Protein chains: 4
Amino acid sequence: MPTIPVGILGATGMVGQQFVALLARHPWFRVAWLGASQRSEGKAYREAAAWRLAAPLPDEVGDLDVDAATPGRAPQLVFSGLDSSVAGEIEAAFAAAGHIVVSNARNHRMEPTIPLLIPEINADHLALLDAQGAPGTTPGWKGRIVTNPNCAAVVLAMALAPLRAFGLKTAIVTTMQAISGAGYPGVASWDILGNIIPFIGGGEEEKIETETKKILGCLNDKRIELHPVTISAQTTRVGVQNGHTLSASVGLEHRPSLDAIVEAWRTFKGRPQELGLPSAPAQPIVYLTEPNRPQPSLDVDRGGGMTVSVGRLRPCPVLDYKFIALGHNTIRGAAGAAILNAELMHREGLL
Amino acid sequence: MPTIPVGILGATGMVGQQFVALLARHPWFRVAWLGASQRSEGKAYREAAAWRLAAPLPDEVGDLDVDAATPGRAPQLVFSGLDSSVAGEIEAAFAAAGHIVVSNARNHRMEPTIPLLIPEINADHLALLDAQGAPGTTPGWKGRIVTNPNCAAVVLAMALAPLRAFGLKTAIVTTMQAISGAGYPGVASWDILGNIIPFIGGGEEEKIETETKKILGCLNDKRIELHPVTISAQTTRVGVQNGHTLSASVGLEHRPSLDAIVEAWRTFKGRPQELGLPSAPAQPIVYLTEPNRPQPSLDVDRGGGMTVSVGRLRPCPVLDYKFIALGHNTIRGAAGAAILNAELMHREGLL
Amino acid sequence: MPTIPVGILGATGMVGQQFVALLARHPWFRVAWLGASQRSEGKAYREAAAWRLAAPLPDEVGDLDVDAATPGRAPQLVFSGLDSSVAGEIEAAFAAAGHIVVSNARNHRMEPTIPLLIPEINADHLALLDAQGAPGTTPGWKGRIVTNPNCAAVVLAMALAPLRAFGLKTAIVTTMQAISGAGYPGVASWDILGNIIPFIGGGEEEKIETETKKILGCLNDKRIELHPVTISAQTTRVGVQNGHTLSASVGLEHRPSLDAIVEAWRTFKGRPQELGLPSAPAQPIVYLTEPNRPQPSLDVDRGGGMTVSVGRLRPCPVLDYKFIALGHNTIRGAAGAAILNAELMHREGLL
Amino acid sequence: MPTIPVGILGATGMVGQQFVALLARHPWFRVAWLGASQRSEGKAYREAAAWRLAAPLPDEVGDLDVDAATPGRAPQLVFSGLDSSVAGEIEAAFAAAGHIVVSNARNHRMEPTIPLLIPEINADHLALLDAQGAPGTTPGWKGRIVTNPNCAAVVLAMALAPLRAFGLKTAIVTTMQAISGAGYPGVASWDILGNIIPFIGGGEEEKIETETKKILGCLNDKRIELHPVTISAQTTRVGVQNGHTLSASVGLEHRPSLDAIVEAWRTFKGRPQELGLPSAPAQPIVYLTEPNRPQPSLDVDRGGGMTVSVGRLRPCPVLDYKFIALGHNTIRGAAGAAILNAELMHREGLL
């Protein structure tokens, strides 16, 4: 029986619905509160959400009334799937009121005292939390905010993390991102059917180029030292339901062998695997040897959507190596990432 | 009234049908002969071809009987849309028998005496033709073979050609290629619907990496000196009907300004424009200033499918600049390319 | 040189853009005025419209300033691509102010004094126009409103019109409708990629069931007597860009032969063909004999998008015959239909 | 631990792979033998099959060697996913050799002594099996063949079965069928991307019109009396991965109320539910009350792909009622159906 009540901010959106679906049978967390915009306030979630996932809406959540997105009635732990247009202020208000906000929104990710977590990579960044509430500091709130990365950055960061050992210098990446990454209604079907849109708004490329450096960075005297890798991203939207695919070329100081890289990916593990967290995939990165993989429709759900799949590693004539990576953008890249963050915090005694 | 009879080898395939469609109202060329595999021999083209294009099959071509793919009854000028599994031998046989073979197949592209043409870029490479028939040389045939590039290489080569002036050194490119590039039946719908396949068979990446160097190379003492650019390609297949999209980063010795590059693209012209060839687009390269262009569904048919669209030029943190390019793979990248080659040869007195 | 200035109401929407595209080279009509919602007022059309068609936006229209959707500055002839949420009042205001409103909106279609035109079928219904302005009558306005049918109803009505001669009694129809029929942004890509939605809002099925009876009806003493056919429609949305496909079974009193029906379709003509109207297709209905046609991607653009394609006619074990029909929903089913209506009115001396 | 060894004929095809995937954790059946065409013979299944499903290939099956499709080494119970071009003879050979063949192929479905089973509807048709081996009868083989219906017929038959109580007379149905129904490679992506093909080969419409009558028929003196319903089908192919959607109108002698029909669907149960068969869905037919359901992407996996979803029931102006139905074509419509048949036979003591 799950005993920890949790709230969901932005509960009716695409990411909010993913939170509800993923928490449906969670061993620790139980959805007890739903916050959304005024339009939904007071309605049963069933009516307010216009459920759009194939996974069934659990009755006990469907029957909950949607509350305003204001602190007060929410439990201590709150997941945020808020849109970035409103997430900044609302999340800060919740943190100020003492809530632990585990957020998927971009607004606070790059703030110095806020962890940008991928628990397999940088669980130690949680140490930043101490600084959030320190008296006299900014922000100085009673609660805390923890964030997970942009849905494309997380795939890149996972693929690059094991390469730090080889002197990771540069990465050029082109993404082919699923429509679910744009939320709902998101991309108009007229724009994407049988088409590619070589642009994603909201600073997507900058997020990939900067967030990855923080994720891969070192905790040093309670600050994050950005990783020195230089990243160049071009992002595109494709007609795929779920799964961001990345084509990457990387420069590596030490020029390891192909086998050494594959081995580094295959053996990559972190705190979630050590702790046996409920959402942790047994293998965070899988290397596929077939010449035409990974593919969204075949590989996106590996490890319950929490495994990043990599393939086609081979020398790059310009930089050192090139490869393809794929991850589930609304699970490993959004709701699942935040839940893993909260699981880590719970086991580390931070809830 | 078109007066030059032409034949089409591989007339029933995807590229063959494009030849028929594009030649339907050609001012100079008239389809007079159709060659295909034994299965089609003797049938009316209408029955043999299972016409699959939205452009109507011209009645006068539909009524033609399909011949075997052997020299003899074909007119001197023959377009080849043959599959590479058979193109090598059949095209050589036609050239040996005295035909001018204007081919889209990959088999002969990299042979030293065979021009790999994009008339806007390297019309002077036609000088290689002299060597094809020189006594005592290889191949020494009576006819000639001229080729056009791989359907993705042509888009890259067009985008890169004007950048040679800036000291083009390196290019890293990820392609998102349309299904029509795989011929018919080509890609199974089960494999591509809502999916991306990060692999294209037949040495696609190597073709892009090597053909481009020949296309951009200099004619030097009747030989092609390969351009020194180093290219790295990752190719993917996406659910787009027509149009190969490329995401590229380039290294340029002279680091020109953004404006200088855009200007170089906009003003790029060649022999086809000078000669006013029927299939020549007024502007071979268009630079689109909207932040989310080019897109296959909006831009692929520019210039009758012969214009390459470029957009999103901006600095690349790793190399020098990055951008998106798009071209129509069965027109500029196949049948239209070959027809433009033949038009050039006609006006240069080589037919 | 086109000499008749026309305005477009709802100029920035999907249908509005189609009006602009189709009128780009019209021999009679010249776009001189654009009306849209307050959000667009005062902006250049180029900025306001976010042009979304592959056909280029004509510069002279792109440079026009968008006006409010109120009478006054508009020319006498105004096309309306307004959304039905606002079309009723705005069109009435324009008609009251003396404009000829040629509308694609559903609001006024079923009013007794307003023609619901498909010029090939019921050009004589224009006689209703006399009643619109008659003193003491409703509406009694100075101008006039003429409408074209719903985009699926027009395909059905075209296919059924020649069957009236055979004692048309019943029709059961299932539609598979393109996303462009929902306007822009219209259907969310999340909802339709790789999916079917067996429902179209706004009373789509009722429109098909009722409008068709008015279109096929007889003008009798300046009133329309509805055709007695009973129609049952189920409408679905599919992932097709343009083209509504209909699967129909019909009951026919006289049980004609298959050949008689095909002949009736093939020879079907009307006033637009007699008058040689610019947008009139040479053949309004084409019967395709291939067993797997019509198909949107191969047949939707026949006759410039104004031809309805029919195929697969065969006996129906329950009613009498069944068949497939296809039409272009934004051309024959919207903007093209309205333009043909205006052309007819011009040639009939009603402008 | 599953104890009953089973074989799979046609193991490498689309349906064969579905058998492997569905049997991966079956409580009774264990895949022990794989038969396929000569091309695959002797290869490990992993190499021969080119696994194309997102569900992982179980290692113990991947390691099996593929055998020829001939009796001998196969276990008694054999599932057949053979293509109809070869299924007739091969299945007969297996039955003659004493095997129980539980087939998805169409070849033997309409033979008088062969059950065409949907266990919820006509479990009693298994009584036909006695006749298969009766001395002096045709076929007189030692083994037995049991079949499941065509993948679209099964959806229609499920939806119609509860309506027999209301005097089911007629049904007009238009199908929108998924590409997986065409096997692999099946439909070319060029043909179906953004398109509809209003035709499915292999007599699809006739299968729906005739098989349904046998499925719904009564066992009478060891013969099946076809149900008298008259069915008219038009079948189309749409760009959906899995799930056949049907738009149906039905004529019912007794004209029940809407509520009575919904109740009949909701309460419909059969032997699989009584016996608690492993593959039996708790509810074989679900009626969805939302106005825009069922949809393939949201509803196809209900009941593990064994539930048929129905929605939008309302009066039909021409016949009596109309509605939408949806079923998973490779689970309820193919491999899952056959497995349910075998489960039934096992519990009825017929294995």
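Throughout, read-outs are computed from the coordinates displayed, never taken from laboratory work. From a predicted model like this one, the values you see are computed outputs, not experimental measurements. A quick note on method: Cβ atoms are made from the backbone with ideal geometry, for glycine too, and the neighbour counts reach across all protein chains shown.
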_Cut-off 13 Å, label 7 Å out along Cα→Cβ of A:A96, residues of the range A:114-139 by amide N_ = A:139
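Would you work out the charge dipole size for the range C:60-218 about its Cα centre, treating the Cβ of every Lys and Arg as +1 and the Cβ of every Asp and Glu as -1, and quote it to the nearest 20 debye?
Roughly 560 debye, rounded to the nearest 20.
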*At A:G133, label 7 Å along Cα→Cβ: distances to the other copies, nm, ascending?*
7.6, 7.8, 8.9
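Inside 10 Å of the C-beta atoms of C:230-243, what's the mean count of C-beta atoms belonging to other chains? Present the calculation step by step, with values, prior to reporting the outcome.
Values: counts 3, 2, 9, 4, 11, 1, 8, 3, 9, 14, 8, 9, 2, 3.
Per residue, the number of nearby Cβ atoms from other chains is 6 on average.
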*asked:* How large are Rg and Dmax for the range D:116-210 when calculated on the C-alpha trace, in angstrom?
replied: 17.4, 55
*At 7 Å out from Cα toward Cβ: B:M1 inter-copy label distances (nm, ascending)*: 3.7, 8.7, 9.5
*Rotational relation A to B, axis-closest Cβ in chain A, residue and distance rounded to whole Å*: A:T174, 2
*What's the FRET efficiency of C:D63 with A:T230 using the Cβ-Cβ distance as r and R₀ = 45 Å, to the nearest 0.05?*
0.55
_For a quick check: sort C:C151, A:C218, B:C316 by the number of other beta carbons within 10 angstrom, fewest at the front._
A:C218, B:C316, C:C151
*Long-range HN-HN contacts of A:S103 with modeled amide H, under 5 Å*: A:S80, A:V146, A:T147, A:N148
*Whole-Hz Karplus ³J(HN,Hα) for the range D:2-11, in order, using 6.51 cos²θ - 1.76 cosθ + 1.60 and θ = phi - 60°, x for Gly and Pro?*
x, 10, 9, x, 10, x, 10, 8, x, 5
*Starting from the amide H of A:T170, placed 1.01 Å from N in the peptide plane, find each other amide H under 5 Å away whose residue is 5 or more places distant or on another chain.*
A:T230, A:G251
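Considering only DSSP beta bridges with both partners in the range D:153-327, what is the antiparallel share in %, to the nearest 5? Can you show the working numbers first?
Numbers: 25 of 37 bridges.
Once the DSSP bridges in the range D:153-327 are tallied, antiparallel ones form about 70 percent.
Counting only helical runs of four or more DSSP H residues, what would the 222 nm mean residue ellipticity of chain C come to if each run contributes -39,500 (n - 2.57) and the total is spread over all its residues?
Working: 13 runs with 94 residues, N = 351.
It lands at -7000 deg cm²/dmol.
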*Taking each label point as 7 Å beyond Cα in the direction of the beta carbon, state the distances from D:P27 to the same residue in the other copies, shortest first, in nm.*
2.4, 7.7, 7.8
*Length gain on complete extension for the stretch D:A54 to D:S84, per 0.36 nm per residue less the alpha carbon to alpha carbon distance?*
8.2 nm
_Degrees, to the nearest 10: C:204-215 long Cα axis against longest axis of chain C_ = 90 degrees
*What are the semi-axes of the equivalent ellipsoid of the protein assembly as shown, taken as the square roots of 5 times the eigenvalues of the Cα gyration tensor, listed largest first and rounded to whole Å?*
44, 44, 39
_With just the Cα atoms defining each centre, how far is the range C:9-55 from the range C:245-314? Give it in Å._
30 Å
*Would you order C:T170, A:T3 from fewest to most other beta-carbon atoms within 10 Å of each residue's own beta-carbon?*
A:T3, C:T170
*For chain C, calculate the relative contact order in percent as a whole number, restricting contacts to Cα pairs under 8 Å that are 6 or more residues apart.*
17 percent
*Can you bin the range B:153-327 into rounded, prolate or oblate? Criterion: square roots of the alpha carbon gyration tensor eigenvalues sorted a ≥ b ≥ c, rounded for a/c under 1.5, prolate for a/b above b/c, oblate for the rest.*
rounded
*asked:* Can you list residues from other chains, or at least 5 along the same chain, whose modelled amide H is less than 5 Å from the amide H of D:I331?
replied: D:G336
*Give the order of C:F199, D:F19 when sorted by the count of other beta carbons within 10 angstrom, beginning with the fewest.*
C:F199, D:F19
*Using θ = phi - 60° and the Karplus form 6.51 cos²θ - 1.76 cosθ + 1.60, what ³J(HN,Hα) does each residue of the range B:342-351 get, whole Hz, x for Gly and Pro?*
5, 4, 4, 4, 4, 6, 8, x, 9, 9
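Which trypsin sites (Lys or Arg not before Pro) in the range C:26-89 sit in a loop by DSSP (not H, G, I, E or B) and have at most 13 other Cβ atoms within 10 Å of their own Cβ? Write out the running numbers ahead of the final one.
Numbers: sites: C:R30, C:R39, C:K43, C:R46, C:R52, C:R73; in loops: C:R39, C:K43, C:R52, C:R73.
Qualifying residues, ordered by number: C:R39, C:R73.
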*What do you get when you divide the Cα radius of gyration of chain C by 2.2 N^0.38 Å, with N the number of residues?*
0.95
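Report relative contact order for the range D:153-327 in percent, whole number only (criteria: Cα-Cα under 8 Å, sequence separation at least 6). Before the final figure, lay out the partial values.
Values: 345 pairs, mean separation 48.5, N = 175.
Normalised by residue count, the contact order of the range D:153-327 is 28 percent.
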